[in-house]
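Worksheet: one structure, shown below.
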Amino acid sequence: MRTFSDIKGLPVYFLNGSHFGVVEDLVLSSCGTVIGLLIDGNGLFQRDKVIYLSHIYSIGHDSILIDEKRIQNEKVYRGHRLQTGHRSLMNKEILTTSGEKLGLLVDVYFSEKKGTIEAYELTDGFFADVTVGTKTVSVEKGKTKIGKDVIILEQI
């Protein structure tokens, strides 16, 4: 399990050693599972690319390796993004099904093997972060709904 901030900016290489791009964002489904990584297009006319988790060979501390045979002609999945785009989840409010505000999303802990988000890192604002720190809320599989304005966690 790792946070998105751990892999943001990591270089992505093919197994043959050639450079593919740099990790820019996470691509998420509407139920909060990680679909893949958004890779920077590197250039004015280059489009960003999505690498699906199933096509990643390994994620290390210093780089990510992918198999070029598995990613040819991929279509870009237009799901939610953690940090970029008009469907970004960063700083979105997280509520429980009972209507309690938990905080604003600042990072996610996810399993790169399963594609599941294990926990959200939340903030209550700058001063709360300085005095108390951020808080982490565990997430159960299938208990998240990402809406247009908020993220709702079903709590038992």
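The values are calculated or read from the model by the stated rules, or taken from the named source; none is laboratory data. Predicted model only: the values in this text are computed from it and were never measured. We place every Cβ from the backbone using ideal geometry, glycine too, and count neighbours over all the protein chains shown.
Only one of these conditions is not met by residue 66: (1) modelled with pLDDT of 85 or more; (2) in the same structural domain as residue 147 (by TED's automatic domain parsing). Which number is it?
So residue 66 meets the others, but not (2).
Condition check: surrounded by 14 or more Cβ atoms within 10 Å (Cβ to Cβ) and free of Cβ contacts under 8 Å to residues at least 60 places away in the same chain. Does residue 7 satisfy that?
The answer is yes for residue 7.
Under the condition of being over 14 Å from residue 96 (Cβ atoms) and assigned to a loop (DSSP other than H, G, I, E, B), which residue from the range 130-153 is modelled with the highest pLDDT? Please lay out each step first, then the result.
The first filter runs over the range 130-153 and keeps only residues over 14 Å from residue 96 (Cβ atoms), leaving 130-134, 136, 141-142, 146, 148-149.
Keeping just the survivors that are assigned to a loop (DSSP other than H, G, I, E, B) gives 132-134, 141-142, 148-149.
Numbers: 132: 68, 133: 67, 134: 76, 141: 68, 142: 66, 148: 83, 149: 87.
The selected residue is 149.
Exactly one condition in (1) surrounded by 18 or more Cβ atoms within 10 Å (Cβ to Cβ); (2) of a type in the set (A, V, I, L, M, F, W, C); (3) modelled with pLDDT under 90 is not met by residue 1; state its number.
(1) is the only condition that residue 1 fails.
Going by the conditions given, is residue 61 of a type outside the set (A, V, I, L, M, F, W, C) and under 18 Å from the mean Cα position of the chain (by Cα)?
yes
Which one of 100, 74 is assigned by TED's automatic domain parsing to the domain that holds residue 31 and either modelled with pLDDT under 85 or exposed (fewer than 13 other Cβ atoms within 10 Å of the Cβ) (or both)?
So the residue among 100, 74 that is assigned by TED's automatic domain parsing to the domain that holds residue 31 and either modelled with pLDDT under 85 or exposed (fewer than 13 other Cβ atoms within 10 Å of the Cβ) (or both) is 74.
Only one of (1) farther than 25 Å from residue 49 by Cβ; (2) assigned to a strand (DSSP E or B); (3) touching a Leu at 6+ places or on another chain (Cβ under 7 Å) is not met by residue 105, so which one is it?
(1)
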